[in-house]
Amino acid sequence: MTAPLTLSEGGSLYDRIGPDALAALVRRFYARVARDPDLAPIFPPDLTLTAEKQYAFLTGFLGGPPLYHERYGHPRLRARHLPHEITPTRARAWLACMNAALRETPEIGEAEARELYAALARVAAHMVNTPEPGREDQPGVG
(Lines give C-alpha, C1' and ligand atoms only; values in the text may rest on other atoms or scores of the structure.)
Protein backbone atom coordinates (compact mmCIF):
# COMPACT_ATOMS: atom_id res chain seq x y z
CA MET A 1 0.00 0.00 0.00
CA THR A 2 2.97 2.36 -0.08
CA ALA A 3 4.02 2.04 -3.72
CA PRO A 4 3.67 5.34 -5.56
CA LEU A 5 0.86 5.79 -8.01
CA THR A 6 1.73 5.25 -11.64
CA LEU A 7 2.62 7.93 -14.14
CA SER A 8 0.07 9.18 -16.60
CA GLU A 9 0.10 11.80 -19.31
CA GLY A 10 1.19 14.97 -17.55
CA GLY A 11 3.41 13.20 -15.04
CA SER A 12 2.81 11.69 -11.63
CA LEU A 13 -0.17 12.71 -9.55
CA TYR A 14 2.30 14.63 -7.39
CA ASP A 15 3.52 16.53 -10.47
CA ARG A 16 -0.05 17.36 -11.45
CA ILE A 17 -1.12 18.43 -7.95
CA GLY A 18 2.08 20.12 -6.84
CA PRO A 19 3.57 20.56 -3.38
CA ASP A 20 1.68 23.74 -2.47
CA ALA A 21 -1.74 22.31 -3.24
CA LEU A 22 -0.82 19.09 -1.42
CA ALA A 23 0.23 21.10 1.66
CA ALA A 24 -3.06 23.03 1.52
CA LEU A 25 -4.98 19.75 1.30
CA VAL A 26 -3.19 18.31 4.32
CA ARG A 27 -3.88 21.48 6.37
CA ARG A 28 -7.58 21.40 5.50
CA PHE A 29 -7.79 17.68 6.13
CA TYR A 30 -6.32 17.87 9.63
CA ALA A 31 -8.49 20.85 10.55
CA ARG A 32 -11.44 18.53 9.87
CA VAL A 33 -9.87 15.54 11.65
CA ALA A 34 -9.39 17.64 14.80
CA ARG A 35 -13.15 18.32 14.88
CA ASP A 36 -14.36 14.85 13.95
CA PRO A 37 -15.87 12.98 16.93
CA ASP A 38 -14.81 9.57 15.56
CA LEU A 39 -11.24 10.57 14.67
CA ALA A 40 -10.12 13.17 17.19
CA PRO A 41 -9.84 10.62 20.05
CA ILE A 42 -7.17 8.58 18.21
CA PHE A 43 -5.04 11.58 17.19
CA PRO A 44 -2.75 13.69 19.38
CA PRO A 45 -4.06 17.11 20.43
CA ASP A 46 -1.26 18.81 18.46
CA LEU A 47 -1.49 17.61 14.87
CA THR A 48 1.61 19.44 13.63
CA LEU A 49 3.90 16.39 13.43
CA THR A 50 1.06 14.19 12.20
CA ALA A 51 0.38 16.61 9.34
CA GLU A 52 4.09 16.81 8.49
CA LYS A 53 4.26 13.02 8.31
CA GLN A 54 1.10 12.84 6.19
CA TYR A 55 2.49 15.42 3.77
CA ALA A 56 5.79 13.52 3.55
CA PHE A 57 3.97 10.22 2.98
CA LEU A 58 1.60 11.61 0.36
CA THR A 59 4.48 13.28 -1.48
CA GLY A 60 6.16 9.93 -2.08
CA PHE A 61 2.92 7.98 -2.49
CA LEU A 62 1.85 10.31 -5.28
CA GLY A 63 5.16 9.98 -7.13
CA GLY A 64 7.15 12.86 -5.69
CA PRO A 65 10.34 12.80 -3.62
CA PRO A 66 10.48 9.99 -1.01
CA LEU A 67 10.33 12.39 1.94
CA TYR A 68 8.74 9.95 4.37
CA HIS A 69 11.29 7.23 3.63
CA GLU A 70 14.16 9.69 4.04
CA ARG A 71 12.91 11.11 7.34
CA TYR A 72 11.16 8.20 9.05
CA GLY A 73 12.02 5.01 7.17
CA HIS A 74 9.55 2.69 5.49
CA PRO A 75 5.98 3.80 6.21
CA ARG A 76 4.75 0.35 7.33
CA LEU A 77 1.29 1.92 7.36
CA ARG A 78 -0.69 -0.92 8.82
CA ALA A 79 1.93 -1.74 11.46
CA ARG A 80 2.26 1.89 12.54
CA HIS A 81 -1.49 2.15 12.93
CA LEU A 82 -2.02 -1.12 14.85
CA PRO A 83 -1.94 0.64 18.26
CA HIS A 84 -5.01 2.60 17.16
CA GLU A 85 -8.46 1.08 16.76
CA ILE A 86 -9.21 1.70 13.10
CA THR A 87 -12.82 0.61 12.67
CA PRO A 88 -14.82 0.77 9.46
CA THR A 89 -16.60 3.81 10.92
CA ARG A 90 -13.28 5.57 11.50
CA ALA A 91 -12.04 4.66 8.03
CA ARG A 92 -15.22 6.15 6.54
CA ALA A 93 -14.83 9.27 8.71
CA TRP A 94 -11.21 9.63 7.57
CA LEU A 95 -12.31 9.39 3.95
CA ALA A 96 -15.15 11.87 4.53
CA CYS A 97 -12.64 14.37 5.97
CA MET A 98 -10.36 13.82 2.99
CA ASN A 99 -13.21 14.16 0.51
CA ALA A 100 -14.32 17.44 2.11
CA ALA A 101 -10.73 18.72 2.17
CA LEU A 102 -10.36 17.83 -1.51
CA ARG A 103 -13.53 19.79 -2.32
CA GLU A 104 -12.16 22.74 -0.30
CA THR A 105 -8.86 22.73 -2.21
CA PRO A 106 -9.59 24.33 -5.58
CA GLU A 107 -5.89 24.14 -6.49
CA ILE A 108 -6.44 20.40 -7.04
CA GLY A 109 -8.28 19.67 -10.26
CA GLU A 110 -11.38 17.50 -10.30
CA ALA A 111 -9.72 14.62 -12.16
CA GLU A 112 -6.73 14.64 -9.79
CA ALA A 113 -9.04 14.80 -6.76
CA ARG A 114 -10.97 11.75 -8.01
CA GLU A 115 -7.75 9.83 -8.65
CA LEU A 116 -6.32 10.70 -5.24
CA TYR A 117 -9.56 9.86 -3.44
CA ALA A 118 -9.78 6.47 -5.17
CA ALA A 119 -6.22 5.62 -4.12
CA LEU A 120 -6.83 6.75 -0.55
CA ALA A 121 -10.07 4.77 -0.35
CA ARG A 122 -8.01 1.62 -0.98
CA VAL A 123 -5.55 2.67 1.72
CA ALA A 124 -8.36 3.37 4.21
CA ALA A 125 -9.89 -0.05 3.62
CA HIS A 126 -6.47 -1.65 4.13
CA MET A 127 -5.99 0.18 7.45
CA VAL A 128 -9.09 -1.22 9.18
CA ASN A 129 -7.80 -3.37 12.02
CA THR A 130 -10.71 -3.47 14.48
CA PRO A 131 -14.34 -4.54 14.05
CA GLU A 132 -17.11 -2.19 15.07
CA PRO A 133 -17.83 -2.57 18.79
CA GLY A 134 -20.22 -5.48 19.23
CA ARG A 135 -19.89 -6.59 15.60
CA GLU A 136 -17.74 -9.45 14.53
CA ASP A 137 -19.24 -9.55 11.01
CA GLN A 138 -18.09 -6.05 10.18
CA PRO A 139 -18.85 -4.61 6.78
CA GLY A 140 -16.05 -3.01 4.79
CA VAL A 141 -15.34 0.66 4.30
CA GLY A 142 -17.07 0.94 0.90
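The values are calculated or read from the model by the stated rules, or taken from the named source; none is laboratory data. These figures come from a predicted structure and were not determined experimentally. So basically every Cβ, Gly included, is an ideal-geometry build from the backbone, and we count neighbours across all protein chains shown. What goes into the accessible areas is simple: the full protein's heavy atoms, side chains included, and nothing from ligands, DNA or RNA. Shrake-Rupley method; radii C 1.70, N 1.55, O 1.52, S 1.80 Å.
Overview of results
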{"read-out": "Filter result (of a type in the set (D, E, K, R) and either more than 15 Å from LEU39 (Cβ to Cβ) or crowded, with 18+ Cβ neighbours inside 10 Å (or both)) within the range 62-91", "value": "GLU70, ARG71, ARG76, ARG78, ARG80, ARG90"}
{"read-out": "Residue list for the range 64-100, restricted to those being within 11 Å of the chain's Cα centre (by Cα) and under 18 Å from GLU52 (Cβ atoms)", "value": "LEU77, TRP94, CYS97, MET98"}
{"read-out": "Any pair with Cβ under 6 angstrom, 6 or more apart, that starts in the range 49-60 at a residue that is crowded, with 17+ Cβ neighbours inside 10 Å and ends at one that is of a type in the set (Ser, Thr, Tyr)", "value": "ALA51/TYR30; ALA56/TYR68; PHE57/TYR68; GLY60/TYR68"}
{"read-out": "Hits in the range 94-116 - residues which are surrounded by 16 or more Cβ atoms within 10 Å (Cβ to Cβ) and assigned to a helix (DSSP H, G or I)", "value": "TRP94, LEU95, CYS97, MET98, ASN99, ALA101, LEU102, GLU112, ALA113, GLU115, LEU116"}
{"read-out": "Which numbered condition ASP38 fails, given (1) open to solvent by 60 Å² or more (accessible area, probe 1.4 Å); (2) closer than 17 Å to PRO133 by Cβ; (3) assigned to a helix (DSSP H, G or I); (4) in contact with a helix residue (DSSP H, G or I) (Cβ under 8 Å, 6 or more places away or on another chain)", "value": "(3)"}
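Residue-by-condition table, conditions (1) under 21 Å from TYR117 (Cβ atoms); (2) at pLDDT 95 or above; (3) assigned to a helix (DSSP H, G or I):
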| position | (1), (2), (3) |
| --- | --- |
| ASP46 | no, yes, no |
| GLU52 | no, yes, yes |
| PHE57 | yes, yes, yes |
| ARG80 | no, no, yes |
